[in-house]
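Okay, structure first, notes after.
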Amino acid sequence: MKRVDWPLGKVIEVFTSPDGNIRLVKLKTRSGEILRPTLRLYPLEVGEHQKELFQKCEPPVKTFTCDDSSAAERDSLDEAEPNEPTSRYGRRLKRVKRLVL
């Protein structure tokens with residue numbers, strides 16, 4: 001997949017591990033919010049002039065530490081089924097109507 005086709009997102013929250021490293025981030029994309037590991041992220045290539053503009057208008061990012069209670073809450077949120085089943089790309093899924101003879 002070409003870089004032009006990669007989905008763009010903005011970091012909303014940063015989750016740190018018990019050892020103090022940032023391992024997980026919450027991203028705001030066009031289709032919604034997702035949790036992604038930092039290893040699966042790629043920074044946007046920005047020139048020097050544009051970098052100054054971004055630094056002026058960026059609000060501070062919330063930082064959270066990842067402990068057992070927050071991990072349990074996140075797991076319980078992931079296990080809860082949404083009202084409509086969706087694919088991992090955000091499309092609504094329809095149940096297949098099978099012919100029963």
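The values are calculated or read from the model by the stated rules, or taken from the named source; none is laboratory data. Note that this is a predicted model, so its numbers are computed, not measured. Neighbour counts are summed over all protein chains in view; Cβ atoms, including those assigned to glycine, are modelled from backbone coordinates with ideal geometry.
Could you tell me which numbered condition residue 14 fails, if it satisfies all but one of (1) farther than 20 Å from residue 3 by Cβ; (2) surrounded by 10 or more Cβ atoms within 10 Å (Cβ to Cβ); (3) modelled with pLDDT under 90; (4) touching a strand residue (DSSP E or B) at 6+ places or on another chain (Cβ under 8 Å)?
With (1) farther than 20 Å from residue 3 by Cβ; (2) surrounded by 10 or more Cβ atoms within 10 Å (Cβ to Cβ); (3) modelled with pLDDT under 90; (4) touching a strand residue (DSSP E or B) at 6+ places or on another chain (Cβ under 8 Å) applied to residue 14, the lone miss is (3).
The rows are residues; the columns are (1) surrounded by 10 or more Cβ atoms within 10 Å (Cβ to Cβ); (2) modelled with pLDDT under 85; (3) among the aliphatic types (A, V, I, L, M).
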residue: 21; (1), (2), (3): no, no, no
residue: 49; (1), (2), (3): no, yes, no
residue: 66; (1), (2), (3): yes, yes, no
residue: 80; (1), (2), (3): no, yes, yes
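Just to be sure I understand the filter: pairs with C-beta atoms under 7 Å, separated by 6 or more residues or on different chains, first member in segment 3-29 and without any contact (Cβ under 8 Å) to a residue 40 or more places away in the chain, second member in a strand (DSSP E or B) and of a type in the set (Gly, Ala, Ser). Which pairs pass?
27/9; 28/9; 29/9
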